[in-house]
Amino acid sequence: MTQRRKIALVLADVDGTLVNEDKVLTKRAEAAVRSLHDAGIRFAITSGRPPLGMAMLFDALDLRTPIAGFNGGLFVERDLSILEEKTIPPNVAQQALELVRAHGLDAWVYRGNDWLVTNPDAPHVAHETWTVKFQPTVVADFGSHMDQVIKVVGVSDDHDRVQRCEADAQAAFGRRATAVRSQPYYLDVTHEDANKGAVVDYLSRALGVPAAEVATIGDQPTDVLMFKRAGFSIAMGNASDQVKSQADVTTDSYNDEGFAKAMERFILGAPD
């Protein structure tokens, strides 16, 4: 059945949604975004990635909207000039770093467009470097870098440990920070208002689009808040059942053109 409500803006998550498992933007996904532009529907992206880590998508998608990196912690123009930045209070950033390490997770710190690590050989550093197409800055310790922090990340391939750390972080910070897994192996701690629900609010204000006319699409728990703020929400087929239950509809997997199919079926109204 074709989606009939008015949609003026589509906001898409990147990893697990817009790009496939190999972090590739397929030709069909690219064509779907072009079709959105042609139909007068604006298109925006948001991710836990730093904006610089999404730069390879800017021209391919002909982005004309603010780019929301760090789950809404940093909004930039297409040329990476900063529109708005939401940093974590230094005491909260320090507490997040200590909590992440107490759970046995490796820690990363992001400030502005800089990605800081202490161990370049730690899990997922090499893969993240390949994904975002830029190198981290290696520091001896984070001690002198805990001001103006946009995001603290806890990293581990022990997914249960990451989940426990998420629960403890949410209990510890309450409304002082947002703590949520952007991937099963990443826990992102950001400013209290740096979340994808707030991205919907920001874009609605900046672009003059009512939230009821925004469609969102994603696959992770970080995407649920934007599902709740938007008028229409789409979960990827590779999302967990919990995430799917929070969306209006579900599309196919990111490895089976789920993004493009969702745009064609639910937004553009193309026949199945």
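Overview of results
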read-out: Search result, residues across segment 242-272 that are under 12 Å from V224 (Cα atoms) and free of Cβ contacts under 8 Å to residues at least 12 places away in the same chain; value: K244, S245
read-out: Check on A140, within 18 Å of Q94 (Cβ to Cβ) and touching a residue at least 40 places away in the same chain (Cβ under 8 Å); value: no
read-out: Count - residues of segment 145-162 that are surrounded by fewer than 13 Cβ atoms within 10 Å (Cβ to Cβ) and over 17 Å from N113 (Cα atoms); value: 3
read-out: When residues of segment 223-272 are limited to those that are in a helix (DSSP H, G or I) and aromatic (F, W, Y), the one surrounded by the fewest Cβ atoms within 10 Å (Cβ to Cβ); value: F227
read-out: Number of the exception - V180 against (1) over 26 Å from M263 (Cα atoms); (2) of a type in the set (A, V, I, L, M); (3) surrounded by fewer than 22 Cβ atoms within 10 Å (Cβ to Cβ); (4) touching an Asp or Glu at 6+ places or on another chain (Cβ under 8 Å); value: (3)
read-out: Tally, over segment 14-50, of residues that are open to solvent by 10 Å² or more (accessible area, probe 1.4 Å) and either at pLDDT 95 or above or farther than 16 Å from P66 by Cα (or both); value: 20
read-out: Residues being farther than 21 Å from A179 by Cα, part of a helix (DSSP H, G or I) and free of Cβ contacts under 8 Å to residues at least 40 places away in the same chain - total across segment 57-108; value: 1
read-out: Options S245, S204; residue that is touching an Asp or Glu at 6+ places or on another chain (Cβ under 9 Å) and of a type outside the set (A, V, I, L, M, F, W, C); value: S204
read-out: Number of the exception - I7 against (1) outside any loop (DSSP other than H, G, I, E, B); (2) buried (at least 16 other Cβ atoms within 10 Å of the Cβ); value: (1)
read-out: 2 or more residues over 14 Å from the mean Cα position of the chain (by Cα) and modelled with pLDDT under 95: qualifying helices (runs of 4 or more DSSP H) within segment 123-211; value: 125-132
read-out: Pairs with Cβ under 7 Å, 6+ apart, first in segment 37-56 and assigned to a loop (DSSP other than H, G, I, E, B), second surrounded by 19 or more Cβ atoms within 10 Å (Cβ to Cβ) and β-branched (V, I, T); value: I41/I7; I41/V10; I41/I267; S47/V14; G48/T222; R49/V14; R49/V132; P50/V132
read-out: Failed condition for N119, given (1) open to solvent by 10 Å² or more (accessible area, probe 1.4 Å); (2) within 25 Å of V24 (Cα to Cα); (3) assigned to a loop (DSSP other than H, G, I, E, B); value: (2)
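The values are calculated or read from the model by the stated rules, or taken from the named source; none is laboratory data. Treat the numbers as computed from the prediction; the structure is a model and nothing was measured. Note that each Cβ is placed from the backbone with ideal geometry, even for glycine, and that neighbours are counted across all protein chains shown. Ligands, DNA and RNA are stripped out before the accessible areas are found, and what is left, the full protein with its side chains, is counted by its heavy atoms. Shrake-Rupley method; radii C 1.70, N 1.55, O 1.52, S 1.80 Å.
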